[in-house]
Amino acid sequence: MRIQGTFIEDTYAEAFSLRAARLVVTADSPAWAQTAALSMTGFATSIIASGCEAGMEGPAPETTPDGRPGVRVILLARSAAELQDQVVRRVGQCVMTAAGASCFDALGATDESIRLGSLLRFFGDGQQTSKRIDPALAAAAAGQVRARRLWRIPVMDGEFVVDDRCGIRKAVAGGNVLILGRSAEVTLAAAERAVAAIRRQPEVVLPFPGGIVRSGSKVGSKYRKLVASTNSPYCPTLRVVVETALPEEVESVLEIVIDGLSVDAVGAAMAAGARAACGPGIVRIGAGNYGGRLGKHLFHLRPLLEGTR
Amino acid sequence: MTLRLMLRGWPYPPGVEAEAPDLLPERLASLARGAIEDRRVRLGREEVRVGDLFAIEGTPGDDLTLAGDLSAFARIGAGMSQGRLRIEGNAGIAAGAGMRGGRLEIDGDAGARAGEGMTGGVIVVRGSAGDDLGAPAPGGTRGADRGAILVGGNTGARAGRRMRRGLIAIGGDAGPLAGTEMLAGTLVVAGRADEGAGTWMRRGTIVLGAGSPPSLPAFVPSGSGRFSFWSLYDEALRAAGARLPERWRAARFRRFVGDRTGSGLGEILLPAPGDTMEGGG
């Protein structure tokens, strides 16, 4: 299969399940909402060493709970407890501290939830107040089934408003696309096209810097303490010393890693990214997997691309 | 499925008060037409059959409509916990008292003490309401404790007295001493409030759409700004059918805290100059 001259490998990406929260960060201007969201999703690239994976969801919400400009973020961790720890730390340190920012649950009705404002409220030193919107009114306003409880925490520019709890749900992490190009410049340009296309998709985030990973990993290492190490078969400089996966003309490989709220969202984003990356100078589009041993979600490239033509 | 009971008339002299605790959706839903007709309505010291007072049509279910001027009926919807009860007319004293859930809609006016001691549900009064809206039941110490009361018109004195949680929204003006002794919760008055709003309030929020700053010296200015939490209330209220001024959405408010003769953690929000709201209702 070829798209704009780029060969699509007959392979699949292997993704796994994590727990996810989806929040909307609002502020007085889009720039400040972006600043707060960028800060809270920093150092959240890989679950291997970052504690969680997180990113800003592409399309800005048309409406936000408090009517101000907002940015949606998705955070993912292995368990509800780990997710709560990460969400509370990040909202507390990066959103509560950002000028004029507020933070609300953006997942809607879910079976599970974690504490958020109910832990951050103590920063108010007893001067915090809560507001509760009755379920009957909340349901009319936002399709919610549970009462919405907010905390108003006094801060130096006014008050920080945050939901008492936020919903969580099972989500999918580790969807990916490998872009194999003839040069570093061409490959980076293709990866940037892929990122731009994926950022138009809802319910997905790209947790790595600029949405792109250059240090893809394989499972295990010659060093026993390491659970992951550099993806040697895809490193151009190791072409002659290890068993390589690279065709002769490939000099650079970049990976796009995609986390999302559902299998469908991740699949759609992979297809959009892969299609956008194809073009002159891009030899192949591949995907990373571990022989089906790591994750329960397998995204086969060719059917995905055929299904989204 | 809707059951509709139409008041045949009211042949009794003024001052005779009726009470019909069985006229709730949850109590009639499983009854046959004959059993509903045999239910009793207390009239002073006497009792009469529901079938003698009301013409009945429709099928029992979660939806019950009472049509006619029910001003003489006390405690309509009292203790209701589920379903929808609609009054096509006025309701008497203490409508929705002790309500725990469901939705009570009154197309006309409600008498005094509507929603007293309620702990859940929604009361919608499209007309005006009397004194002590959402106040404690006689002998009680807490007013509305959860739930919501939406009034389209005006209210009498002491709306929201000693309310503990929940929301009371008044589309028109409020009488004197609105929110007096509030323990917490939110009282919204789209129009004006008479003297004494917030007197002795301990916590909670009173939002006033128009009028001058609190005249009580026990309230002190505490800055101004756009309050993020208010936007959520604004949206929820509009979605529930409350008619709020459009400019209310992004209004800046002046904030006053008090009553400083007590714990002083309550707040009164008033539109800031330049963001004056247009009349409520």
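The values are calculated or read from the model by the stated rules, or taken from the named source; none is laboratory data. Keep in mind that what you see is a predicted model, and the values were worked out from it rather than measured. We place every Cβ from the backbone using ideal geometry, glycine too, and count neighbours over all the protein chains shown. Surface accessibility is based on the protein's heavy atoms, side chains included, excluding ligands, DNA and RNA. Shrake-Rupley method; radii C 1.70, N 1.55, O 1.52, S 1.80 Å.
The table for this structure:
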| item | result |
| --- | --- |
| Size of charge dipole - chain B - debye, nearest 20, with Cβ of Lys, Arg +1 and Asp, Glu -1, no other charges | 860 |
| Environment charge of B:ILE87, counting only residues whose C-beta is closer than 15 Å and scoring Lys/Arg +1, Asp/Glu -1 | -1 |
| Gain upon complete extension [A:ASP28, A:ARG224; 0.36 nm per residue less C-alpha separation] | 65.6 nm |
| Dipole of the range B:182-254 [Lys/Arg +1, Asp/Glu -1 at C-beta], most positive-end residue of B:SER228, B:GLY191, B:SER212 | B:SER228 |
| In Hz, Karplus ³J(HN,Hα) per residue of the range A:61-72 (6.51, -1.76, 1.60; θ = phi - 60°; x = Gly, Pro) | x, 6, 10, 10, x, 9, x, 9, x, x, 10, 8 |
| For B:GLU105, residues with placed amide H under 5 Å, excluding near neighbours | B:LEU85, B:ARG86, B:ILE87, B:VAL124 |
| Label-to-label distance, nm, for residues given as B:ARG100 and A:SER262 (7 Å Cα→Cβ offset) | 3.7 |
| Cα-based equivalent ellipsoid, the range B:106-224: semi-axes from gyration tensor eigenvalues, Å | 21, 16, 12 |
| Mean accessible surface per residue for the range A:19-169, computed with a 1.4 Å probe while every protein chain stays in place, in Å² | 41 |
| Student exercise, the range B:29-145 dipole from Lys, Arg, Asp, Glu Cβ charges, in Debye to nearest 20 | 320 |
| Whole-Å semi-axes of the range A:19-169's equivalent ellipsoid (Cα gyration tensor) | 21, 18, 16 |
| Candidate lysines - alpha carbon under 26 Å from A:LYS225, same-chain residues fewer than 8 apart omitted | A:LYS296 |
| Listing of the range A:62-103 residues, each with accessible area lower by at least 20 Å² in the full protein assembly than in the chain alone (probe 1.4 Å) | A:PRO65, A:ASP66 |
| Interchain or long-range residues, amide H under 5 Å from A:ILE133's placed H | A:ARG148, A:ARG149, A:LEU150 |
| Accessible area buried between chains B and A, both sides summed, probe 1.4 Å, in Å² to nearest 100 | 1800 |
| Calculated diffusion of the protein assembly as shown, Stokes-Einstein form, Kirkwood radius summed over Cα pairs, 37 °C and 0.692 mPa s, µm²/s | 121 |
| Share of carbon and sulfur in the accessible heavy-atom surface of the range A:12-54 [1.4 Å probe, %] | 64 |
| Taking the range A:49-203 and dividing mean pair separation by its residue count, relative contact order in percent (alpha carbons under 8 Å, at least six apart) | 24 |
| Size of chain B as Cα extents on the principal axes (Å, biggest first) | 63, 34, 28 |
| Accessible-area composition of chain B, carbon plus sulfur, in percent [1.4 Å probe] | 46 |
| Efficiency of FRET from Cβ geometry, A:SER39 and B:ASP62, R₀ 51 Å, rounded to 0.05 | 0.55 |
| Translational D in µm²/s for chain A (Stokes-Einstein at 10 °C, 1.306 mPa s, Kirkwood Rh from C-alpha pairs) | 78 |
| A:GLN127-A:ARG78 FRET efficiency (beta carbon distance; Förster radius 51 Å; 0.05 resolution) | 0.90 |
| Charge dipole (the protein assembly as shown, unit charges on Cβ, about Cα centre) - positive-most of B:GLY61, A:GLY58, A:MET40 | A:MET40 |
| Over chain A, relative contact order from alpha-carbon pairs under 8 Å, at least 6 apart, % | 26 |
| Length-normalised contact order for chain B - Cα pairs under 8 Å, 6+ apart - percent | 10 |
| Lys, Arg +1 and Asp, Glu -1 on Cβ, resulting dipole of the protein assembly as shown about Cα centre, debye, nearest 20 | 1200 |
| Separation in nanometres of the label points that stand 7 Å from Cα toward Cβ, at B:SER212 and A:ARG169 | 5.4 |
| Potential extension, A:GLU249-A:ALA184 segment - 0.36 nm per residue separation minus Cα distance | 22.2 nm |
| Signed unit charges on C-beta, dipole axis of the protein assembly as shown, positive-most listed residue B:ALA250, A:TYR223, B:ALA94 | A:TYR223 |
| Inter-probe distance in nm under a simple model that places probes 7 Å from Cα toward Cβ, at B:MET6 and A:TYR290 | 7.3 |
